[in-house]
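What follows is a single structure, written as structure tokens, with notes after it.
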Amino acid sequence: MSRGNANDCAAKDGNPFGPYWDKFGVDFDKSEFYAPLSFDPNFEKHRLEWKKRFPAEKYPVLAFTGAPGAFPVIETNVPLQKYIKWSDMIDFKADKFINQFKNDPKEKFIAIHLRNGIDFKRACEHVKTSKTNFFASPQCLGYSQENGEMTEELCYPSEKTIFKQLGKALKKYDAQYVYIATDAEDMLVKLSKKFKNVKFTKYTENNPHVDLCILGKADHAIVNCVSSFSAFVKRQRDSENKTTEFWGFKAKKRTEL
């Protein structure tokens, strides 16, 4: 859809649009408008309309000024994750880093995502007055909250929860390494003191794509139920039949009649 100039998508106007595309050295020669096409992939008619309007041989890649789907991801779109593949560059960087911190390819590692920045802490204050789904929480609570209700611990887990849950996972999966992905406090020093026989590491470059890729490659992952960043990891791992758990999450017990 147009932004600013009615004849132009203005895909690189403003922040983060301009810096994002510049980082990958991408410029646009012209704009194409998709209106009045719909995004819903559940209808065969809509899919055929997109293929007719934008045939793959002429448009091998479509770059949008915003996400074409809903936020958070609607339930029927979750399986589409299997079609998302990392570029060779990101995949190479992730594998190279993993091979650097592991002494033996057969050794296991757990990846954790700590969404513990001040912005998220403030966002989680919303939970004090509402127990309904929040951001990406349907991924663990269920789209109808059939698996439980929102809690502060689920949104912003305490160090006690992180220590306890990680300790159980390390024992269960016999892991020797833990990869930490975070946008704030990495807890690397605290975790290293708590688990002295485990090596903790993180990617030093500011590259969330490599973080996501490594999180997806781990033998097991512990992520944040409310975070959409974590949700990407969960969908990817589910599509590859890999185990994932959420900080502070305990599924609601069901009573069978």
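With respect to P79, determine if the residue is under 21 Å from Q236 (Cβ atoms) and in contact with a Phe, Trp or Tyr (Cβ under 8 Å, 6 or more places away or on another chain). Walk me through how you get there before you give the answer.
Numbers: under 21 Å from Q236 (Cβ atoms): yes; in contact with a Phe, Trp or Tyr (Cβ under 8 Å, 6 or more places away or on another chain): no.
It is false that P79 is under 21 Å from Q236 (Cβ atoms) and in contact with a Phe, Trp or Tyr (Cβ under 8 Å, 6 or more places away or on another chain).
Could you list, in sequence order, the residues of the range 81-107 that are open to solvent by less than 90 Å² (accessible area, probe 1.4 Å) and among the basic types (K, R)? Scanning the range 81-107 gives K93, K102. Return the residues of the range 166-180 that are within 22 Å of the chain's Cα centre (by Cα) and open to solvent by 60 Å² or more (accessible area, probe 1.4 Å); say none if nothing qualifies. Scanning the range 166-180 gives no hits. In the range 42-55, of all residues being open to solvent by 40 Å² or more (accessible area, probe 1.4 Å) and either assigned to a loop (DSSP other than H, G, I, E, B) or hydrophobic (A, V, I, L, M, F, W, C) (or both), the one that is nearest to T76 (Cα to Cα) corresponds to N42. Please verify whether S31 is open to solvent by less than 90 Å² (accessible area, probe 1.4 Å), over 30 Å from Y143 (Cα atoms) and under 21 Å from the mean Cα position of the chain (by Cα), treating the condition exactly as stated. No, not satisfied.
Being part of a loop (DSSP other than H, G, I, E, B), of a type outside the set (V, I, T), more than 17 Å from V210 (Cα to Cα) and within 20 Å of the chain's Cα centre (by Cα), is that true of even one residue in the range 71-86? The answer is yes; a qualifying residue exists.
Take the range 83-114 and flag every residue that is touching a helix residue (DSSP H, G or I) at 6+ places or on another chain (Cβ under 8 Å), modelled with pLDDT under 95 and closer than 17 Å to A231 by Cβ. It would help to see each step written out before you state the result.
Our first condition is that a residue be touching a helix residue (DSSP H, G or I) at 6+ places or on another chain (Cβ under 8 Å); within the range 83-114, this holds for 84, 86, 90-91, 93-95, 97-98, 105, 108-114.
Filter once more, keeping what is modelled with pLDDT under 95: 84, 105.
I84, the sole residue that qualifies.
The condition of being open to solvent by less than 90 Å² (accessible area, probe 1.4 Å), modelled with pLDDT under 85 and part of a loop (DSSP other than H, G, I, E, B) holds for only one of A63, A10, A6, that being A6.
Taking the options N15, N7, name whichever one is under 30 Å from S137 (Cα atoms) and among the polar types (S, T, N, Q). Walk me through it before giving the result.
Values: N7 fails: under 30 Å from S137 (Cα atoms).
Being under 30 Å from S137 (Cα atoms) and among the polar types (S, T, N, Q) holds for just one of N15, N7, which is N15.
For the range 172-188, the condition holds for at least one residue, the condition being that it is at positive phi, in contact (Cβ under 8 Å) with a residue 24 or more places away in the chain and acidic (D, E).
Residues that are hydroxyl-bearing (S, T, Y) and surrounded by fewer than 17 Cβ atoms within 10 Å (Cβ to Cβ) within the range 192-215 comprise S192, T204, listed in sequence order. Does the range 140-151 include one or more residues that are touching a residue at least 60 places away in the same chain (Cβ under 8 Å) and of a type in the set (F, W, Y)? So far as the range 140-151 goes, yes, one or more of its residues are touching a residue at least 60 places away in the same chain (Cβ under 8 Å) and of a type in the set (F, W, Y). When V189 is tested against (1) open to solvent by 70 Å² or more (accessible area, probe 1.4 Å); (2) aliphatic (A, V, I, L, M); (3) closer than 25 Å to N133 by Cβ, just one condition goes unmet, and that condition is (3). The set of residues in the range 121-165 that are surrounded by 19 or more Cβ atoms within 10 Å (Cβ to Cβ) and assigned to a helix (DSSP H, G or I) comprises C124, V127, P138, Q139, C140, L141, L154, C155, I162.
The values are calculated or read from the model by the stated rules, or taken from the named source; none is laboratory data. Bear in mind that the values here come from a model prediction, so they are computed numbers and not experimental data. Cβ coordinates were reconstructed from backbone atoms using ideal geometry, including for glycine residues, and neighbour counts include every protein chain displayed. Ligands, DNA and RNA are stripped out before the accessible areas are found, and what is left, the full protein with its side chains, is counted by its heavy atoms. Shrake-Rupley method; radii C 1.70, N 1.55, O 1.52, S 1.80 Å.
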